[in-house]
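Working notes, structure below.
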Amino acid sequence: MTVLKYCGNRSFHDVQLVAKSEAHYIGFVFAESKRKVEPKDVSRWLASVELRDKQTVGVFVHPTIASVASVLEHVPLSIIQCHGMESVQMVKQLKQTFQIPVWKVIHHAHEAWIYMRVWEGIADGFVIDSGRKGAWGGTGVSFDWRHVPCYIEEAKRQHVPCFIAGGITPENVEQLLAYEPFGIDISSGIEEDERKSEQKIKKIEQKVKTC
């Protein structure tokens, strides 16, 4: 079954909903964004819920060692997700310093899957997101999913997980699931009035189960 990551959680309300959901990963944005959260807040929220076996993912854009360390002081991250145009050297430094898996976001463009090869043996996973000028993610815009098989195939060749992100909603998720992605990463697609929606989460999970 396709693995679920619910990202951009920005309140205790969101964390409570996702904690009791069937998601495998819970994501928090520590980069400039309308969904940016403070590490101390996340620490407090997580202390009040039972995540069971969910893993925590911290999203960063062009992080420094210091900026990641300041988050890890408060939040026990399972995975660091680099969402910008980080260098291979930077990602290597993050892995060496913190001994935590690092996922690399690839922004979809013509034959962007070829860029995944630069990260072979370095990135511990990929998130494929729609690229849009002025925004690194969380845009609610999907890319042409006919390209998904190329990303899936390259990730399989590298033996790492690959998540598809960008504009996934309960209304269109079946189209994406037809490509049998390893995982899907959803943020705005499970929100209503800038809060995670229990109803939308349930709809997504029902479709993942039946597809």
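The values are calculated or read from the model by the stated rules, or taken from the named source; none is laboratory data. Just so it is clear, the model here is predicted, and its values are computed rather than measured. In this analysis, Cβ positions are derived from the backbone assuming ideal geometry, glycine residues included, and neighbour counts consider all displayed protein chains. Surface areas here come from the heavy atoms of the whole protein model, side chains and all, with no ligands, DNA or RNA. Shrake-Rupley method; radii C 1.70, N 1.55, O 1.52, S 1.80 Å.
What's the long-distance tail for the range 35-115, i.e. % of Cα pairs beyond 22 Å?
Values: 971 of 3240 pairs.
Percent of Cα pairs beyond 22 Å in the range 35-115: 30.
Which whole-angstrom value gives the distance between the alpha carbon centres of the range 28-102 and the range 152-211?
21 Å
Show which lysines lie in cross-link reach of Lys40 when reach means a straight Cα distance below 21 angstrom and same-chain residues fewer than eight apart are skipped.
Lys54, Lys196
Give me the accessible area per residue for the chain, probe 1.4 Å, as a whole number in Å². Let's see the in-between values first.
On the way: 10070 Å² over 211 residues.
In whole numbers, the chain has 48 Å² accessible per residue.
Sticking with the crude label model, points 7 Å out along Cα→Cβ, report the distance from Ile114 to Lys156 in nm, one decimal please.
2.2 nm
If you average 1/r across every pair of different Cα atoms in the range 1-60 and take the reciprocal, what Kirkwood value do you get, in Å?
11.5 Å
Relative to the Cα centre, what is the charge dipole magnitude of the chain, using +1 at the beta carbon of each Lys and Arg, -1 at the beta carbon of each Asp and Glu, and rounding to the nearest 20 debye?
With Lys and Arg at +1 and Asp and Glu at -1, about 160 debye.
In the chain, what percent of the accessible surface is made up of carbon and sulfur (1.4 Å probe, ligands and nucleic acids excluded)?
It is 49 percent, rounded to a whole number.
Between exposed GluC sites (Glu not before Pro) in the chain, where DSSP calls loop and at most 14 other Cβ atoms lie within 10 Å, what's the longest gap?
On the way: sites that count: Glu32, Glu50, Glu73, Glu111, Glu120, Glu171, Glu194.
The segment 121-170 is the longest one with no such site.
Starting from the Kirkwood Rh over alpha-carbon pairs, what translational D in µm² s⁻¹ does the range 1-141 have by Stokes-Einstein at 37 °C and 0.692 mPa s? Numbers along the way, then the final one.
Working: Rh = 15.5 Å.
In µm²/s, the coefficient is 211.
Please compute the contact order of the chain in relative form: average sequence separation of alpha-carbon pairs under 8 Å and at least six residues apart, divided by the residue count, as a percent.
20 percent
Separation between the Phe12 and Glu192 pseudo-spin-labels, each 7 Å from Cα along Cα→Cβ, expressed in nm?
Each label point is offset 7 Å from its Cα along the Cβ direction, giving 2.3 nm.
Under 16 Å from the 7 Å Cα→Cβ point of Asp41, by amide nitrogen: which residues of the range 71-86?
Answer for the range 71-86: 71, 74-75.
Under 5 Å between amide H atoms, partner at least 5 residues away or on a different chain: which partners does Ser197 have, H built in plane at 1.01 Å?
For Ser197, whose amide H was placed from the backbone, the distant partners under 5 Å are Glu191, Glu192.
May I ask you to derive the relative contact order of the range 89-211, considering only C-alpha pairs under 8 Å and at least 6 residues apart, and to give it as an integer percent? Before the final figure, lay out each step's value.
Working: 173 pairs, mean separation 24.7, N = 123.
Across the range 89-211, relative contact order equals 20 percent.
Can you tell me the equivalent ellipsoid semi-axes for the range 54-211? Use √(5λ) from the Cα gyration tensor, largest first, whole Å.
Output for the range 54-211: semi-axes of 25, 19, 14 Å.
Check the straight Cα-Cα distances from Lys202 and name the aspartates and glutamates below 20 Å, setting aside those fewer than 8 residues away within the same chain.
Result set, ordered by chain and number: Asp14, Glu22, Glu50, Asp53, Glu171, Glu174, Glu180, Asp185, Glu191, Glu192, Asp193, Glu194.
Grab the Cα-Cα distance for Val49 and Ile122, subtract it from 0.36 nm times how many residues apart they are, and report the gain in nm with one decimal.
Working: separation 73, 0.36 × 73 = 26.28 nm, distance 3.27 nm.
Roughly 23.0 nm would be gained on extension.
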